[in-house]
1. Restricting the first residue to segment 195-217 and requiring it to be part of a helix (DSSP H, G or I), which pairs with a second residue that is loosely packed, with under 15 Cβ neighbours inside 10 Å meet a Cβ separation below 9 Å and a spacing of at least six or different chains?
2. Quick check: anything in segment 302-320 open to solvent by less than 30 Å² (accessible area, probe 1.4 Å) and part of a loop (DSSP other than H, G, I, E, B)?
3. Whether any residue in segment 102-113 is part of a helix (DSSP H, G or I), more than 29 Å from Trp480 (Cα to Cα) and in contact with a helix residue (DSSP H, G or I) (Cβ under 7 Å, 6 or more places away or on another chain) is what I want to check.
4. Which residue pairs have Cβ atoms closer than 8 Å, lie 6 or more positions apart in sequence or on different chains, and pair a first residue in segment 142-167 that is farther than 21 Å from Leu43 by Cβ and in contact (Cβ under 8 Å) with a residue 40 or more places away in the chain with a second residue that is open to solvent by less than 60 Å² (accessible area, probe 1.4 Å) and among the basic types (Lys, Arg)?
5. Filter segment 44-66 for residues that are part of a helix (DSSP H, G or I) and free of Cβ contacts under 8 Å to residues at least 40 places away in the same chain; which is nearest to the chain's Cα centre (by Cα)?
6. Among what's in segment 228-248 and is in a helix (DSSP H, G or I) and among the β-branched types (Val, Ile, Thr), pick the residue that is modelled with the lowest pLDDT.
7. Taking the options Ile228, Ile221, name whichever one is out of contact with any Gly (no Cβ under 7 Å at 6 or more places or on another chain), under 26 Å from Gly189 (Cβ atoms), of a type in the set (Val, Ile, Thr) and touching a residue at least 24 places away in the same chain (Cβ under 8 Å).
8. When the residues of segment 250-268 are narrowed to those that are part of a loop (DSSP other than H, G, I, E, B), of a type in the set (A, V, I, L, M, F, W, C) and open to solvent by less than 20 Å² (accessible area, probe 1.4 Å), which ends up modelled with the lowest pLDDT?
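The values are calculated or read from the model by the stated rules, or taken from the named source; none is laboratory data. Every value quoted in this text rests on a predicted model; they were computed, and no experiment measured them. Here the Cβ positions follow ideal geometry from the backbone for every residue, glycine too, while neighbour counts run over all protein chains shown. Just so you know, the surface numbers come from the protein's heavy atoms only, side chains and all, with ligands and any DNA or RNA stripped out. Shrake-Rupley method; radii C 1.70, N 1.55, O 1.52, S 1.80 Å.
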Amino acid sequence: MTSATLLTPATSSRPGGERPGETTRAAERAYIRVLVVLDTAVLAVAILVGYLARFGDEEPTGSEIPYVVVAPVLLLVWLVSLKAMRCYDDQVLGYGADEYRRVSAASMRLAGGIAIAGYIADVGVSRGFLAISFAVGTIGLEVARFAARKRLHRARDRGAGWSRKVLVVGDTAHVLELVHTLRREPYAGYQVVGACIPDALLAPVPQRLGDVPVVGSFRGIPEAATAIGADTVAVTASGELTATRLRRLGWQLEGTGVDLVVAPALTDVAGPRIHTRPVAGLPLIHVEAPEFRGARKLVKGFVDRSLSLIALLVLAPLLIVIALAIKIDSRGPVLFRQTRVGQGGEEFGVFKFRTMVVNADALLAELAARNETDGLMFKMRDDPRVTRVGRLLRKWSLDELPQLANVLLGQMSLVGPRPPLPSEVARYDGDVARRLLVKPGMTGLWQVSGRSDLSWEDGIRLDLYYVENWSLAADLTILWKTFGAVLNSRGAY
């Protein structure tokens, strides 16, 4: 979901009772306290490592200020810098990349500021000590935030942890769509607890939209939020919610502790492409066009080929062992070359280690009725055509390692949409065909989100999201997550 936060109400309590969402706020504050403790511990270790790496057992010389003073002051100033960069803001904690960017920016800006101040004041603090401390500290902060977030996500997946309780407001169809979107990614921390729909759609008996209770109409949104303990009102599309009514709703929620967010009809657009600009009092959302060529594409191609070459050289012994195992296990070639469709609809031969018997294609017609996925792909959890070694290779995605050669040849990318078969492409409609605007990838959002466990619709949605919103930073994130997906072997068969 793409949402723009319009108002952050004051934190004063309602007279005569607990403010809505107080339990959530308490859990949020507890999570922030954990982050502060983690950050403090990481920075203390980083400063200690910087001191030991620079001086060891020697006594520091050449500094007018003793390091017993420098160390705690640096730690305190670093924490203040994190606070100043809003690294503990609940709007960025627990989801998205902005939290990591702010942590890095706070550390780098502080490092630059100290370097400039030290030069101007001619303070003789060791540059080696500072460089090591900031390098270790910045990396440590990112790792600690990542670990804390993963623990939070696991708690949210279980229905626990700190999550916002959301009252969804809008027309029935848009409410159902927004509920589905929020529940598709429970780790994002938005738990739908009720809905308000237009007055004309209300019935005299209690209603439910799916399993979401309808708790009121547009006339009593603040009262409905209080009744169900919601701390967030998410407004989606509705003809009855005019700009005037939405503005008045914001006024009504002031001082209640309930946040107001708006979910535009525009979805699956990443943050870097979205810019909100106030024009004539209207918060207009400007959406930049996707980038399919240019300097960033050239850099992506260079990174792909460089990393694939390094990976082939490093993994050469493993590739040889796998080839021998395949040859010993069953008759047939070691490599399997299959025609796939790449960027612009051009066909190429994708390389994979053979995981099936040699006549696998001939047996496909007999198994077509046992297809376990919807859409245009064939997937079967216990496919009898897969060999013994093939099952092991598929479980750990080792059968795809030869595709590094396709990346080196420029036919594929390390990260991208799944490479489709020509038979699939022949049945694409106009929307799905947009997958062919970029090179297919060895891994992608489909790989780190469930692989074969995904429905056809969800797989296409993820591929199209990547096509529209790719970036080098996102590629690195997906590559990192791929290792976890492979180790978990979820959806691999």
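1. Asp199/Arg219; Asp199/Glu240; Ala200/Glu240
2. no
3. Our first condition is that a residue be part of a helix (DSSP H, G or I); within segment 102-113, this holds for 102-113.
Still in the list and also more than 29 Å from Trp480 (Cα to Cα): 113.
Filter once more, keeping what is in contact with a helix residue (DSSP H, G or I) (Cβ under 7 Å, 6 or more places away or on another chain): none.
Scanning segment 102-113 turns up no residue that is part of a helix (DSSP H, G or I), more than 29 Å from Trp480 (Cα to Cα) and in contact with a helix residue (DSSP H, G or I) (Cβ under 7 Å, 6 or more places away or on another chain).
4. So the pair list comes out as Trp162/Arg156; Ser163/Arg156.
5. Filtering segment 44-66 down to residues part of a helix (DSSP H, G or I) leaves 44-55.
From what is left, the residues that are free of Cβ contacts under 8 Å to residues at least 40 places away in the same chain are 44, 48, 52.
Values: Ala44: 29, Leu48: 33, Leu52: 36 Å.
Once the filter is applied, the top-ranked residue is Ala44.
6. Going residue by residue through segment 228-248, those that are in a helix (DSSP H, G or I) are 228, 243-248.
Next, from what is left, pick out any that are among the β-branched types (Val, Ile, Thr): 228, 244.
Numbers: Ile228: 92, Thr244: 84.
Ranking the candidates gives Thr244 first.
7. On the way: Ile228 fails: out of contact with any Gly (no Cβ under 7 Å at 6 or more places or on another chain).
So the residue among Ile228, Ile221 that is out of contact with any Gly (no Cβ under 7 Å at 6 or more places or on another chain), under 26 Å from Gly189 (Cβ atoms), of a type in the set (Val, Ile, Thr) and touching a residue at least 24 places away in the same chain (Cβ under 8 Å) is Ile221.
8. Looking only at segment 250-268, we keep the residues that are part of a loop (DSSP other than H, G, I, E, B), and these are 254-258, 263-268.
If we keep only those that are of a type in the set (A, V, I, L, M, F, W, C) as well, we get 258, 263, 265-266.
With open to solvent by less than 20 Å² (accessible area, probe 1.4 Å) added as a condition, the list becomes 258, 263.
Values: Val258: 89, Ala263: 84.
By that ranking, first place goes to Ala263.
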